[in-house]
Amino acid sequence: MKALVLTAYHRLEVLQVPEPSLGPEEVLVRVDCCGICGSDVHGLDGSTGRRRPPVIMGHEAAGVIAQIGPAVEGWSVGDRVTFDSTIWCGRCPMCRKGFWNLCDRRRVFGVSCEEYRQNGAFAEYVAVPQHILYRLPEGVTFQQAALVEPLAVAMHAASQIPIQLGDTAVIIGTGMVGLLAVQVLRQAGCSRIWAVDLDPGRLELACQLGAQVGFRPDEVDVAKEIRHRTGGRGADVVLEVVGLSQTVGLAVEIVRKGGAVSLVGNVSAEVSLPLQKVVTRQIRLQGVCASCGEYPICLDLIAQGRIRVEPLISVVAPLEEGPEWFGRLYRREPGLLKVLLRP
């Protein structure tokens, strides 16, 4: 089969590789399209340590079941599906507690690290365990379904902190997950949503998708603006979707006493923390990892038109153009958001 392979850092090649072998409880999915995630882009240079060549990257995909294993039940050839980015075992202590995203045997499609190698979906076919499959609702396209994974991350981030009707919310970082989080918080009942980013184009899109105002921290004192707009109180909830010391510090600065900060971003392995403010103002800091069972509601929200993912798709290109689009994303070409590749 044809696949886009990271053969060395900064080198992607479209190669002919063997089709994945199929386990008894797995299905073979013929991939229609797969999105380039920011983590895939970071994997190009080896900085994350989680995309060690050679590996087929890609974990935001949708397609059609082409073959089923002998022990598969409830699925048929021809079913339109998407699948979780995480392969979880269902047997470890974390899985038994319902924390599938924290599975002790967790594997992620398209990730090659010290612990394991799991080829992903930048290929014609990918083998997927039946227990992480999700059927596409009628009317949901493959391209829409390819964005369910980042939407599920945004949904999981919001679900881990207490949100009440009428709350004020701030999203720091309007990349893919941040822009989807704007819509998630709107669905959760937040009355006012403010976005923070350095990119004016993304702030404009955030406002089109439901944010009231976008703030550029290089132009305004964001903390001062938030305090002014909340009567000195601060925002009820903050989603930090960057992962730098400056942005984490800003999140703590602008949340109210007793408020909650959802830490989604993971750019830096370590950040400094204004601990005294966290302690004396009793701020809840909630780490967030991937998603955990949010796919069905995300698919339903897309099917109902309550979450719009189409404005976030910049390009749909053939797999052969993958190296070019990876390079353009790596160089942070202005205006590019989600690029989908079709094998």
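The values are calculated or read from the model by the stated rules, or taken from the named source; none is laboratory data. Computed from a prediction, not measured in an experiment: that's the story for all the values here. Please note: Cβ atoms are built from the backbone with ideal geometry, for glycine as well, and neighbour counts cover all protein chains shown. Surface accessibility is based on the protein's heavy atoms, side chains included, excluding ligands, DNA and RNA. Shrake-Rupley method; radii C 1.70, N 1.55, O 1.52, S 1.80 Å.
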Test: Glu149 is farther than 26 Å from Thr82 by Cα, of a type in the set (Asp, Glu) and either open to solvent by 60 Å² or more (accessible area, probe 1.4 Å) or out of contact with any helix residue (DSSP H, G or I) (no Cβ under 7 Å at 6 or more places or on another chain) (or both): no
Condition check for Cys113: more than 28 Å from Lys2 (Cβ to Cβ) and surrounded by fewer than 21 Cβ atoms within 10 Å (Cβ to Cβ): no
Residues of the stretch 155-173 satisfying the condition of being in contact with a Gly (Cβ under 8 Å, 6 or more places away or on another chain) and touching a residue at least 60 places away in the same chain (Cβ under 8 Å): Ile163, Gln164, Asp167, Ile171, Ile172, Gly173
Residue list for the stretch 288-302, restricted to those being out of contact with any Phe, Trp or Tyr (no Cβ under 7 Å at 6 or more places or on another chain), on the phi < 0 side of the Ramachandran plot and open to solvent by less than 50 Å² (accessible area, probe 1.4 Å): Val288, Cys289, Ser291, Glu294, Cys298, Leu301, Ile302
Count - residues of the stretch 316-340 that are among the hydrophobic types (A, V, I, L, M, F, W, C) and either farther than 27 Å from Arg135 by Cβ or touching a Lys or Arg at 6+ places or on another chain (Cβ under 6 Å) (or both): 4
Unmet requirement for Glu138, which otherwise passes all of (1) more than 30 Å from Asp221 (Cα to Cα); (2) among the charged types (D, E, K, R); (3) not in a loop (DSSP other than H, G, I, E, B): (3)
Condition check for Leu15: outside any loop (DSSP other than H, G, I, E, B), closer than 15 Å to Glu124 by Cβ, open to solvent by 30 Å² or more (accessible area, probe 1.4 Å) and in contact (Cβ under 8 Å) with a residue 12 or more places away in the chain: yes
Condition met for Ala127 (under 17 Å from the mean Cα position of the chain (by Cα), among the aliphatic types (A, V, I, L, M) and open to solvent by less than 40 Å² (accessible area, probe 1.4 Å)): no
The stretch 32-84, subset hydroxyl-bearing (Ser, Thr, Tyr) and not in a loop (DSSP other than H, G, I, E, B), residue nearest to Val309 (Cα to Cα): Thr82
Gly189 vs. criteria open to solvent by less than 30 Å² (accessible area, probe 1.4 Å), under 19 Å from the mean Cα position of the chain (by Cα) and not aliphatic (A, V, I, L, M): no
